[in-house]
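Read through the structure below, which is laid out as structure tokens, and then see the notes.
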Amino acid sequence: MKTANKTTAAVSLVREALDKAEKFGEYNIFTSLNAEAALKRAAELDARIAAGEEVGRLAGVPYALKDNFQSHDGNTTASAKMLENYLAPVTATAVKRVEDEGAICIGRTNLDAFAHGASTENSYFGVTLNSRDKTRVAGGSSGGSAVAAALDIVPFALGSDTGGSIRQPASFNGVYGMKPTFGAVSRYGVVAMASSTDTIGCLARTAGDTALVMSIMAGKDEKDHTTLDDFMGEPVATGKSGSKAADKLKIGVIKDFMGEGVEPEVVKATESYVKKLEQAGHTVQEVSMPILKYALAVYYIVTQAEIASNLSRHDGVRYGYRAKGAKSLGEIYNKSRDGGFMPENKRRIMTGNFVLSSGFFDAYYLKAQKVRTLIIGAYNEVFRDYDLLVCPVAPTPAFKIGENDGDVLKAYMGDILTVPPSLAGLPAIAVPAGETSTGLSVGAQLIGPRRSDRRLMQLAMEMEGVK
Ligand code: GLN
């Protein structure tokens, strides 16, 4: 990516990005732009460069921020009426880390409210359009971030991925999207969805840029006690594509996900990526993981429970939207939560409280956690024999806006390929793999054992240069 230096002004990089953001206004990518503060920061950075000061690895690079990361730039809305006017008192660690390296936030991007969804249709601010076809969804929940990168408004955008929210929109828009090992990047300051699978990552047009940003964000943070020591090490990338991976890998293709239920054009694109892996000298074999068919049900029990718990703080009292005219405390809760949440948020809160309720806890929540343990065990088993796994990112390319209206289960089914690694805390990266006959992008997904993030990114970089 282009960084600012003595000949390239940060101000012009930022202005160019802001101009493009305006130009692509109809895509509804941003919930708010940060023009004034961004230009001011760029001018300050240029002055530091002129003074010969050391500036960071992302000096003057404009970036887009999913609107569920707290920072002092604009309101952190999570694309929900509940937080429409919420000014964050803190800055997310991930934001701080990229900004300490000189990156400049040009705006906040649209998402499904509270990151519940896979299309950005659940946003209080309306849907974001797909970068390849304006009649289709951007994917989600990080839809705005994916389109901002795909349309070259910014070289990278930050996102969160609980069950696919970085990988699937990356795939729907032909960019890279990395979800790290659970705990690799601090979640501090990001609006919580499901605490046991929430991860922070990045979407970018090149594998090298993705790797660079990931390595900057990763590492221990005392504000998030689930964070791990930095095992991504020194930057794995210099921004150049086509770098050589050190070893030849043994890669398993998850055959359960290469047939029924997955559209033929998606399978074909994934197969072509697999072929390239073979041509590059890696060993590829089919593996079967039948247990993964239960992952979707497990995900939609475990995460709903965590969502219900995390969203209970939005009571209309402490902060966020408060309905007018309530006559009792109970009414404040009811009316504020009714008015502030989107229908999908409410559905999840209700299901979550149901699976946690005393009569049903054992039958749903406890059982789901047991199956989750089996899924983790199955991954551990295959990773004894394989370095990495590959499968598609989503069963379809970007679908039509409104196509899943009124069919919640169909919408949830679209997450079938991204939720399994999330339940096991595994790193996974979506890489562009091909196109459909109508020009929609299709991604493939590389999945590795915990802490193999660096290996995944290196392979993505190596394959990027292969035609
Ligand atoms: N689409 C998935 C869901 O709706 C994942 C969302 C996410 O990763 N935030 O739960």
Estimated FRET transfer efficiency (Lys23, Val90; beta-carbon r; R0 30 Å; 0.05): 0.40
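Decide, for region 394-466, between rounded, prolate and oblate: order the square roots of the alpha carbon gyration tensor eigenvalues as a ≥ b ≥ c, take rounded if a/c falls under 1.5, and otherwise choose prolate if a/b is larger than b/c, else oblate.
Values: a/c = 4.49, a/b = 1.39, b/c = 3.23.
The shape class here is oblate.
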Dipole magnitude (debye, nearest 20) for region 330-383, charges at Cβ of Lys, Arg, Asp, Glu: 60
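Taking K and R as +1 and D and E as -1, what net charge do the other residues with C-beta under 10 Å from the C-beta of Ser145 add up to?
Numbers: positive: Lys66, Arg108; negative: Asp67.
Charge balance in the 10 Å sphere: +1.
Dipole size in debye (nearest 20) for the chain around its Cα centre, Lys and Arg Cβ +1, Asp and Glu Cβ -1?
Numbers: 53 positive and 53 negative charges, 83 e Å.
Value, rounded to 20: 400 debye.
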Cα-based reach from Lys327 at 16 Å (exclusive), listing lysines while leaving out same-chain residues under 8 positions away: Lys335
Spacing of the two label points (7 Å from each Cα toward its C-beta) at Asp152 and Glu286, in nm: 4.1
Spin-label proximity, Lys367 to region 271-296 - amide N less than 20 Å from point 7 Å beyond Cα toward beta carbon: 290-296
Alpha carbon centroid spacing (whole Å) that separates region 103-162 from region 282-300: 27
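Need one number: % antiparallel among DSSP beta bridges in the chain, to the nearest 5. Intermediate results must be reported in sequence, preceding the final value.
Values: 31 of 47 bridges.
Just about 65 percent of them are antiparallel.
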Contour excess over end-to-end distance, with Cα ends at Asn5 and Asp230 and 0.36 nm allotted per residue: 78.2 nm
Virtual paramagnetic centre 7 Å along Cα→Cβ of Arg313, amide N under 16 Å, in region 105-134: 114-115
Rounded if a/c under 1.5, otherwise prolate or oblate - region 103-158, Cα gyration tensor axes: oblate
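Sum up the charges of everything whose Cβ sits under 9 Å from the Cβ of Ser195, counting Lys and Arg as +1 and Asp and Glu as -1, but leave Ser195 out. Spell out each step's value before the answer.
Working: positive: Arg187; negative: Asp198, Glu306.
Summing Lys/Arg as +1 and Asp/Glu as -1 gives -1.
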Nearby aspartates and glutamates by direct alpha-carbon distance to Lys23 (threshold 14 angstrom, same-chain neighbours under 8 apart not counted): Asp152
Over the chain, relative contact order from alpha-carbon pairs under 8 Å, at least 6 apart, %: 18
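For Glu286, what charge total do you get from the other residues with a beta carbon under 11 Å from its beta carbon, if Lys and Arg give +1 and Asp and Glu give -1? Intermediate results must be reported in sequence, preceding the final value.
Numbers: positive: Lys255; negative: Asp256.
Surrounding charge for Glu286 is 0.
Accessible area per residue for the chain in Å², computed with a 1.4 Å probe and the full protein assembly in place, what is it?
Result: 39 Å² of accessible area for each residue.
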Cα gyration tensor category, rounded, prolate or oblate, for region 289-443 with a/c compared to 1.5: oblate
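Normalised by the residues of region 26-92, what does the relative contact order come to in percent, with Cα pairs under 8 Å and at least six apart?
Details: 60 pairs, mean separation 15.9, N = 67.
24 percent.
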Scattering curve values for the chain, log₁₀ I(q)/I(0), Debye with Cα scatterers, q = 0.11, 0.13 Å⁻¹: -0.82, -1.16
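The values are calculated or read from the model by the stated rules, or taken from the named source; none is laboratory data. Keep in mind that what you see is a predicted model, and the values were worked out from it rather than measured. Note: ideal-geometry Cβ built from the backbone for every residue, glycine included; neighbour counts use all protein chains shown. The protein model used for the area step is the full one, side chains on, heavy atoms only, and it has no ligands, DNA or RNA in it. Shrake-Rupley method; radii C 1.70, N 1.55, O 1.52, S 1.80 Å.
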